[in-house]
1. For region 417-433, state whether one or more residues are closer than 18 Å to VAL322 by Cα and within 16 Å of the ligand (Cβ to nearest atom).
2. Evaluate the following for THR566: is it touching a helix residue (DSSP H, G or I) at 6+ places or on another chain (Cβ under 7 Å) and more than 16 Å from the ligand (Cβ to nearest atom)?
3. Determine whether region 294-303 contains at least one residue that is at negative phi and more than 24 Å from the chain's Cα centre (by Cα).
4. How about region 530-550: which of its residues are at pLDDT 90 or above and crowded, with 19+ Cβ neighbours inside 10 Å?
5. List pairs: first residue in region 545-556 and closer than 14 Å to SER452 by Cβ, second residue in a loop (DSSP other than H, G, I, E, B) anywhere in the structure, Cβ distance under 9 angstrom, at least six positions apart or on different chains.
6. On the basis of being of a type in the set (Val, Ile, Thr) and closer than 17 Å to PHE467 by Cα, does VAL573 make the cut?
7. Taking the condition part of a loop (DSSP other than H, G, I, E, B) and at pLDDT below 95, does GLU233 pass?
8. Run down GLU109, GLU122, GLU144 and say which single residue is in contact with an Asp or Glu (Cβ under 8 Å, 6 or more places away or on another chain) and charged (D, E, K, R).
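The values are calculated or read from the model by the stated rules, or taken from the named source; none is laboratory data. Everything numeric in this text was worked out from a predicted model, so none of it was measured. Because the Cβ atoms are built from the backbone with ideal geometry, glycine has one as well, and the counts that use them run over all protein chains shown.
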Amino acid sequence: MCGIVGFTGTQQAAPVLLEGLKKLEYRGYDSAGVAVMDKDRIAVSKVTGRIASLCEKTGQGKAVPGTTGVGHTRWATHGAPTEENAHPHLSNDGKFAIVHNGIIENYLELREELTGRGYHFESQTDTEVIVHLIEMYYRGSVREALIRTTNRLQGSYALGVICTEEPEKIFAVREASPLILGIGVGENFFASDVTALVSYTRNVIYLEDGEYAELTPDSVRVFDCSGRILDKEISRVTWDVRAAEKGGYAHFMLKEIMEQPGAVKATIEPRLKNGKVVFDELGMTEKDLRSIRKIVITACGSAYYAGCSGKYVLESLCRIPVEVELASELRYSDPLIDSHTLLIVISQSGETADTIAALKEGRERGAKTLAIVNVLGSSIAKLAGMTVYTWAGPEIAVATTKGFTTQLVVLYLLAVYFADLQGLAASVYAQLIASLQALPRQIQQAIDMNPSIPELAGKYHGSSSLFFIGRNTDYAVALEGALKMKEISYLHAEAYAAGELKHGTIALIEEHTPVIALCCNWTIMEKTMNNIVEVKARGAEVLALSFRGNQKILSAADDFLFIPDTDPLFSAVTEIIPLQLLAYYTALENGCDIDKPKNLAKSVTVE
Ligand code: G6P
């Protein structure tokens, strides 16, 4: 969702900015633009639609002279995705150009004030007030004008600014929106995330809320709001540039599905030492755990469904009550959270606005907070009392796959860890560890044992509605399976707890309605099998997902997806694999833009 890049150096800026924007495309956007300092004026190029059009318009950037500039991908909030509303926005005097990620909540009153003072607006965006404020406050120092401007803003922002009066500089400031500085040799950068920087430099500074940066080709200075210089740590990005490339796959999503055995291994391995689960990053004692009366898990989208699945495992192994709440609901619900609550927030990006707000709410109420996050140095990782990284590597496709499965696995590891703190029989513990160690191999098997998925996608891709049913953990996986299908294939797909079918949904089942029945829970298998019989009696076409060895299912359903014999506690992580592949191949059949589905964003940084 909105991406920003900035560059100052000796090479031509526009091609660098466009390369950076291409790397940010995955975040989701509907228009794009660049502004480059050309001697004493700023040249702006904007397009609606894809970066490819901006590349074409600017001759791959070569037609835009200048070595200092900023770029932007916009995901429309205030005002339609038009060229006028696309960033960068210029000040009326043409001296400043800005790019902005976030939302200015008090923009209407600022717009009224600025209009009253004679400033002219070209767009309907909230962003444009910022550039006029900067012009209004400018008295010879951009940094000071920026500080005065941000003092007037309410909301979230990562801002990039250039000014004709200080032509070699790029300025940046952040508040509740991600922004990272890239430190090069004779050139410096900023961007919304490291994927836009790694092909140029691996040395980065994670800017924090309320910090301002001033970059020239040879210097990077970071200030606080009183203008005091801060001594910021330079971090080294360790992942391979190739991790953020397709590597021969048709889509990032397929690549990321296939990466899951390795990603899950990378999540598990550092946490298993001498046959025990260790979480050096937690430092929790048995006494700390005993003080916890309940666990609340909060997140958005797939991360929320990971939480729904984790609830069963945590409750089963630890016997601590677990509530799972959508972050967008929890933040406005006056939640029953106190110092005896462990609040677990889950977020691949670590930047989801609602999840951040829920985390803050929990902190204010005195909860112990634990974040499960993939992106290093992200806002949630910094805000939480304890942070556990999933180590999934960069995830580029908007629809999460390895982000989700590694979140599940962290929840499993936590459940085993907490259960052990409470005291687990050695034999049970050893069995759980063996089950965890088997997961990467079993995920690979779940990929390999379903060669018929492209054919099944050919059968189901034209359906007007698909129903996913299951019980307990199967139900949690059904929710994520249906979400995957909706997100990328644009088919209507809904998940239901199988036992709820009779209370309404069964009215929707007619001849050839596809029902995807998840039967991976031996203890209640018979119950879901009964539901299969019920929907078949009404003409449904049943695609059953179960263990390969489940003979009973073979006579009950029309088509099959299989998983290997996984520990039922942890089976969600293998179960979701065929459903991810089914969604992928269905979207492929439907000719959808799989990695960048319409209207969706990877990192939802607005409420
Ligand atoms: C967006 C993404 C989803 C993701 C959700 C939460 O909707 O498209 O894939 O599950 O945000 O994102 P987070 O980064 O907090 O896990």
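1. Checked region 417-433: no residue is closer than 18 Å to VAL322 by Cα and within 16 Å of the ligand (Cβ to nearest atom).
2. Working: touching a helix residue (DSSP H, G or I) at 6+ places or on another chain (Cβ under 7 Å): yes; more than 16 Å from the ligand (Cβ to nearest atom): yes.
Here the answer is yes, as THR566 does meet what is asked.
3. Yes, there is a match, as at least one residue in region 294-303 is at negative phi and more than 24 Å from the chain's Cα centre (by Cα).
4. ASN531, ILE532, VAL535, ALA540, GLU541, VAL542, LEU543, ALA544, LEU545, SER546, PHE547
5. LEU545/CYS520; ARG548/MET449; ARG548/PRO564; ARG548/ASP565
6. Values: of a type in the set (Val, Ile, Thr): yes; closer than 17 Å to PHE467 by Cα: no.
When the stated conditions are applied, VAL573 does not pass them.
7. Numbers: part of a loop (DSSP other than H, G, I, E, B): yes; at pLDDT below 95: yes.
For GLU233, the condition - part of a loop (DSSP other than H, G, I, E, B) and at pLDDT below 95 - is met.
8. GLU122
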